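The values are calculated or read from the model by the stated rules, or taken from the named source; none is laboratory data. Being a predicted model, the structure only gives us computed values, none of them experimental. Neighbour counts run over all protein chains shown; Cβ positions are idealised from the backbone, glycine included. Ligands, DNA and RNA are stripped out before the accessible areas are found, and what is left, the full protein with its side chains, is counted by its heavy atoms. Shrake-Rupley method; radii C 1.70, N 1.55, O 1.52, S 1.80 Å.
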Amino acid sequence: MPETDDDLTTMTWEDAGDAFADADAALLGTGSVEQHSVHLPVSVDTLRAEHLTEELVDAADDHGLRFVRLPTMPYGMSEHHMNFPGTITLDPLTYEDAIVEIGASLARHGVERFVIVNCHGGNREPLSNAADRLVREYDLATHFVHWTDFARERLQEVFGEGWGHAGDHETSVIEHYRPDLVKEGKKQPQNAKEMPETASYGYFDRVTDLGGLGDPTNADPEAVAEVIDHGTEQILEALKSDIDAGW
């Protein structure tokens, strides 16, 4: 896993106290442990959270920001993938409460601002609820960043439509950061069904037998590196603007 000079995991409690006092925010990456088809590991979203928050922390100084990076939250809300072995899920309320308790711990240490960088779609609703609670219950300024929201247009330019779960985009990211974890011989079009417009699919194996969407054979790690740079800049610009505006 990548390390930065601002990781809480490498600090003593004295270091942490000084770092919290000097930083603009504590930053938490959130991922999941869930199936990502037959060619990618179950750790895809957590790997993305680890590496993409490293990018943010390393580029923060260019935007006049400094973060303390917390250990990545590896587990998420993944009930919809539970019919595939290897998936580990938390109940949505358990997950929401865990994030609130992390934020409450930060507030107790005098941290005034908390940034959550999410890399798994299933986490969105409980994280949004947790962010609201932290603001209301602990007066902790909380910023919820779903990473792909800030790179969506560029991702569509590079990969077109259908680049979602375990497809072109995520395969490219893992090939960029951890190519040793991609099973090249297993990459194939996922042949997923069209998602329903008005109904819940319940479990992902109703949509796709292999577990993914799109066509991972179209992965392009060099192109996704530029998308990552773009997304990093977009997120930092948005955070800087919101923080300067007092949010």
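Starting from the amide H of Ala25, placed 1.01 Å from N in the peptide plane, find each other amide H under 5 Å away whose residue is 5 or more places distant or on another chain.
Here Arg66, Val68 satisfy the definition.
Restricting to bridges with both residues inside the stretch 16-160, how much of the DSSP beta-bridge set is antiparallel, in percent to the nearest 5? Working shown, then result.
Working: 2 of 18 bridges.
Rounded to the nearest five, the antiparallel share is 10 percent.
Could you let me know the centre-to-centre spacing of the stretch 1-49 and the stretch 77-134, using Cα atoms, in angstrom?
Here the two parts' Cα centres lie 14 Å apart.
How much of the DSSP beta bridge set in the chain is antiparallel, as a percent to the nearest 5? Each step should come with its number before you reach the end.
Working: 2 of 19 bridges.
For the chain, the DSSP antiparallel bridge percentage is about 10.
For the chain, what does the helix formula give at 222 nm: sum of -39500 (n - 2.57) over DSSP H segments with n ≥ 4, over the residue count, nearest 500 deg cm²/dmol?
Numbers: 7 runs with 100 residues, N = 247.
Result for the chain: -13000 deg cm²/dmol, rounded to the nearest 500.
For the stretch 183-247, which GluC sites (Glu not before Pro) pass both filters: DSSP loop (anything but H, G, I, E, B) and at most 11 other C-beta atoms within 10 Å? Can you show the working numbers first?
Working: sites: Glu184, Glu194, Glu197, Glu222, Glu226, Glu233, Glu237; in loops: Glu194, Glu197.
Sites meeting the loop and neighbour criteria: Glu194, Glu197.
Compute the signed sum of charges (Lys and Arg +1, Asp and Glu -1) over the other residues within less than 13 Å, Cβ to Cβ, of Asp97. Intermediate values should be presented prior to the final figure.
Values: positive: Arg133; negative: Asp91, Glu96, Glu101, Glu137.
It works out to a net charge of -3.
Check each of the trypsin sites (Lys or Arg not before Pro) in the stretch 167-239 and keep only those in coil by DSSP with at most 14 other C-beta atoms within 10 angstrom; list them in order.
Values: sites: Lys183, Lys186, Lys187, Lys193, Arg206; in loops: Lys183, Lys187, Lys193.
Answer in residue order: Lys183, Lys193.
Taking the Cβ of Thr217 as the center, what net charge do the other residues with Cβ under 13 Å away carry, scoring Lys and Arg +1 and Asp and Glu -1? Write out the running numbers ahead of the final one.
On the way: positive: Lys183, Lys186, Lys187; negative: Asp168, Glu175, Glu184, Asp215, Asp220.
Charge balance near Thr217 sits at -2.
Decide, for the stretch 64-145, between rounded, prolate and oblate: order the square roots of the alpha carbon gyration tensor eigenvalues as a ≥ b ≥ c, take rounded if a/c falls under 1.5, and otherwise choose prolate if a/b is larger than b/c, else oblate. Don't jump to the answer; show the numbers that get you there.
Working: a/c = 2.33, a/b = 1.83, b/c = 1.27.
In terms of gyration-tensor shape, prolate.
Tell me which label goes with the value of semi-axes √(5λ) of the Cα gyration tensor in Å computed from the coordinates here: [x] 26, 21, 17; [y] 37, 23, 18; [z] 31, 20, 16.
[z]
Could you please report the charge total around Glu34, scoring K, R as +1 and D, E as -1 over all other residues with beta-carbon less than 15 angstrom from its beta-carbon? Walk me through the numbers before you get to the answer.
Values: positive: Arg48, Arg124; negative: Asp45, Glu79, Asp91, Glu170, Asp205.
Combined, the nearby Lys, Arg, Asp and Glu give -3.
Accessible area per residue for the stretch 160-223 in Å², computed with a 1.4 Å probe and the full protein assembly in place, what is it? Kindly include the intermediate steps, with their values, before the conclusion.
Details: 3660 Å² over 64 residues.
That works out to 57 Å² for each residue.
Apply the a/c threshold of 1.5 to the C-alpha gyration tensor of the stretch 122-247 and tell me whether it is rounded, prolate or oblate. Display every interim value, and only then the final one.
Numbers: a/c = 2.45, a/b = 1.46, b/c = 1.67.
Here the stretch 122-247 falls in the oblate category.
Around Asp7, which amide H atoms from residues at least 5 apart in sequence, or from another chain, sit under 5 Å from its own amide H, with H modelled in the peptide plane?
Arg69
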